[in-house]
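Only the coordinates and a few stated rules stand behind these numbers; no lab work does. Quick caveat: nothing in here was measured; it's all calculated off a predicted structure.
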Amino acid sequence: MMLIAAVLGSFVLGAVLTALVLGRRWKAAVDEARTELEGMAERYKEHEQENRELRQKNADLEYQVGSLKKDLNYERSRHQADPE
């Protein structure tokens, strides 16, 4: 009976120690993954903001190009209509 109790006790003790070691490794892996995900989320937000700014700059430049084209067409039509 003592032999069975000793075997069961050592089995339980081994299982508990294994669980503790694996639990610490798992927690470390989860913490590392969380840190990486937070960094990725921050970089995503930065890129998203940069993308918005670049789209706005592009829209501004397209507006300026359109305005300059209108001015150019106006000046060309003025010079064609004016006999010199």
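Subtract the Cα-Cα distance of Arg24 and Met2 from 0.36 nm times their separation in residues, and report this length gain in nm to one decimal.
Once the chain is fully extended between Arg24 and Met2, it gains 4.6 nm.
Among Ala28, Ala15, Ala41, which one moves the most in a GNM of the chain with springs linking Cα atoms closer than 10 Å?
Ala15
From the phi of every residue in region 27-44, what ³J(HN,Hα) in whole Hz does the Karplus formula 6.51 cos²θ - 1.76 cosθ + 1.60 yield, where θ is phi - 60° and glycine or proline is x?
Here the 3J(HN,Hα) series is 5, 5, 5, 5, 5, 5, 5, 4, 4, 5, 5, 5, x, 5, 5, 5, 5, 4 Hz.
If we restrict to alpha carbons, what Rg and Dmax does region 30-73 come to, in Å?
19.0, 63
In deg cm²/dmol, rounded to 500, what helix-only [θ] at 222 nm does the chain give when every DSSP H run of at least 4 residues adds -39500 (n - 2.57) and the total is split over its residues?
After summing the helix terms and dividing by the residues of the chain, the value is -36500 deg cm²/dmol.
Once the chain is represented by equal point scatterers at the alpha-carbon sites, with solvent omitted, what log10 I(q)/I(0) does the Debye formula produce at q = 0.19, 0.22, 0.24, 0.27 Å⁻¹?
Here log10 of I(q) over I(0) equals -0.93, -1.01, -1.06, -1.13.
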